[in-house]
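Everything below concerns the one structure shown next.
Computed from the coordinates by the stated procedures, all read-outs in this text should not be read as laboratory data. Because the structure is a prediction, the values reported are computed rather than measured. Heads up, the Cβs are rebuilt from the backbone with ideal geometry, glycines too, and the neighbour counts pull from every protein chain shown.
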Amino acid sequence: MHPAFSVLIFTVVSGAGYGLIFLTILGHLSGLAVLQNQSLLLSSGVLSLVMISGGLLSSTLHLANPKNAWRAFSRFKTSWLSREAVFAILFYPFALLYLIGVWMQGAEIAAVFSLAGWVAAVLAMITLFCTSMIYASLKTIRQWNSALTPVSYLALGLMSGGVLLLMLQIMVDDTASDVLKNVALALLCVGVTVKVIYFFWIGKPSGSSIKTATGFTQASVRLLDQGHSSNGFLNNEFGYTVSANKLLRIRFLAVAVAFFLPMLLVCLSGPFALVIATLAMLAGLLAERWLFFAEARHVVRMFHGDQSV
């Protein structure tokens, strides 16, 4: 599949924003001492809303006609894209009500603001799950049609949110919290584990092939007509091909920059180190998300000559 940069930005940035607001609200309302600081709560909440909004706006750039983005709300019963859009909008009033409560009353907010916070946290995870299911529900792309896709989206969203929260905390308090540091490291370990499992899983030769599609399994099958080869939509979007060596190099780069380098920098715990860790993580996740699209192979490719997907 052709990796659209606007979609890469959308999934990485909004995912980090949802992970950040979820961890912030969860820690605050659960009574975690380090997250009872009003300045930290407001900084985290505002940054998460900016990232989520920026990611959602970026997603419209992939549309042929962005002004028709409102149509995404019209198929809630059948479309994960529509569900994502609806839950993304529902998230805002609850998140804003929670932040208004923190701004007016500090960490000791009234019950109505706490309830709004819990609802916002749940909606953040539901929206991120719906985003992942847009891809996981596609049976025509084996690399996406797996439970590993939503697990990966949720794990990486929480991971990036955890590193962002630790970075904000050390900027507000000058000293890194051991609790948030351990949470960030644990989420980084979960993230890299899920991603490595995903890389091994998509490498298994268990997808469709010309033989399984035609039912001729005893001999080689060759298409006499391989479809058109002009620069049409199917060729550009579904026929995107990258050499195996390049994909392997980017895999190593993504894993090193998105996971292992942030782990090392989080252990150092300095403000500058955590800023670099956050930037490296986001850059590495962009490479990871590029691979997510570049390594996906739609079954329509077999109509254009591929022997298997």
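Descriptive notes on the structure:
- Estimated Rh, region 12-162: Kirkwood, alpha-carbon pairs, angstrom: 15.9
- For W144, W290, W103, order by how many other beta-carbon atoms lie within 10 Å, fewest first: W103, W290, W144
- Additional length obtainable on full extension of the chain from T241 to L42, 0.36 nm per residue less Cα span: 67.2 nm
- A simple spin-label model places the labels of R75 and K139 1.6 nm from each other, with each point 7 Å out along Cα-to-Cβ.
- Estimated distance in nm for a label pair at W118 and L57, the labels positioned 7 Å out from Cα along Cα-to-Cβ: 3.4
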